[in-house]
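First up is the structure itself, then whatever we jot down about it.
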Amino acid sequence: MKDFSGTPGTVLGLVLRMSQFIFAAGSIASMATTTSFFNLTAFCYLIASMGLQIIWSFVLALMDLYALVRKKVLLNPVTATLSLAAASASAGITVLYFHDLGHCHFGEECQKYQISVAFAFLSWISTSISSLIMLWLLAAG
């Protein structure tokens, strides 16, 4: 396996994990400030999926940080496969929200819902970059 930017244990890998974490946290924070998100099933799922994204990204960021401190590059196919699986799941959920919800009809809270979905999408973008790198890592192996 080759050593290239964005793989687990590199600075770019850590930046990708932290951006996933920050955008997922922003999505939850935006949704949590509304008064009725729990009445809409899709937004409850958004909170749940972004909560899992936060946990996943934080753990991977800790692994990246550990590898940077120890000056090791994590080129484990298992790590790559798990990262790719998480990226695929996040992508599917994001497409579900944009396709099924279309446009907003929720009154005053509409803007907060849109911001929350936008942060979820930004989290997905950084996850998709990471997944492409993981796919490349698996192919290079």
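Below, the figures for the structure above:
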{"read-out": "Subset of segment 13-42 [hydrophobic (A, V, I, L, M, F, W, C) and under 16 Å from TRP124 (Cα atoms)]", "value": "LEU14, VAL15, LEU16, MET18, PHE21, ILE22, PHE23, ALA24, ALA25, ILE28"}
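Rundown of residues vs (1) at pLDDT 85 or above; (2) crowded, with 18+ Cβ neighbours inside 10 Å; (3) out of contact with any His (no Cβ under 9 Å at 6 or more places or on another chain); (4) of a type in the set (Ser, Thr, Tyr), yes/no style:
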residue: PHE21; (1), (2), (3), (4): yes, yes, yes, no
residue: THR34; (1), (2), (3), (4): no, yes, yes, yes
residue: VAL59; (1), (2), (3), (4): yes, no, yes, no
residue: LYS71; (1), (2), (3), (4): no, no, yes, no
residue: ALA80; (1), (2), (3), (4): no, yes, yes, no
residue: ALA85; (1), (2), (3), (4): no, no, yes, no
residue: SER88; (1), (2), (3), (4): no, no, yes, yes
residue: LEU101; (1), (2), (3), (4): no, no, yes, no
residue: PHE106; (1), (2), (3), (4): no, no, yes, no
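The values are calculated or read from the model by the stated rules, or taken from the named source; none is laboratory data. The shown structure was predicted, so the numbers you read here are calculated from the model rather than taken from an experiment. Because the Cβ atoms are built from the backbone with ideal geometry, glycine has one as well, and the counts that use them run over all protein chains shown.
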